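Please treat every number below as a calculation from the coordinates, not as lab data. If you're wondering where the values come from, they're calculated on a predicted model, not measured in any experiment. For neighbour counting, all protein chains shown are included, and Cβ atoms are generated from backbone atoms with ideal geometry for every residue, glycine included.
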Amino acid sequence: MPSDKDPEGYLTGQLLIAMPAMLDSRFFQTVIYVCVHNAEGAMGLVVNRLANELTFSQLLQQLDMDSPGIGQEIRIHFGGPVESGRGFVLHTTEYTQEGTIIVDDGICLTASIDILRDIADGKGPQRSLLALGYAGWGPGQLDSELTQNAWLQVSADDTLVFGRDLETKWDRAISKLGVDPLLLSGETGHA
């Protein structure tokens, strides 16, 4: 099932949308930005759920970093259930540093403390999403879940990835497909 972006069928740089019948409560109505998808597996970050137990200022304090007067509070997202203490920043491409992974034409991934310091100092990327943890799949696992109708796939855009209106991201992602979520079924059809 090759996508328009990758002739091999990998979904790096795309969004996964949990089907309405998703049984795993950790992923119910989630939208996941796929950072890596290849023969070795997949890794992505949930972009529409907050990790409410920690603020950016508290995170900086835990890392023994100064917390200057940050204009807009940086929200911390629940990136997924794997390694929930590990931080990742999805961000625009005008900001890079050693260790930054360029995911696609408009989005990078950085997982260093330096980017947090730069964000706190107002020298970070123009747009970013800070997440703790990630969603991960072993070799072939995501492909299997796609075959079982657990996820829909749609092209990513800045509003869905970086937008602050989290409550409507799932609906807006599905609407990009022109599909009514009420008509979706988790059952696999056979011709």
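Quick rundown of the values:
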item	result
Cβ-based exposure ranking for 64, 114, 143, in which fewest neighbours within 10 Å come first	64, 114, 143
Net charge contributed by nearby residues that have their C-beta within less than 10 Å of residue 166 (K/R +1, D/E -1)	+2
Residues in region 24-45 that a label on residue 171 would reach, taking backbone N under 17 Å of a point 7 Å out along Cα→Cβ	29-31
Interchain or long-range residues, amide H under 5 Å from residue 153's placed H	17
Fewest-first sequence of 123, 169 by Cβ atoms within 10 Å of each Cβ	123, 169
Residue 147-residue 52 pseudo-label distance in nm [points 7 Å out on the Cα-to-Cβ vector]	3.8 nm
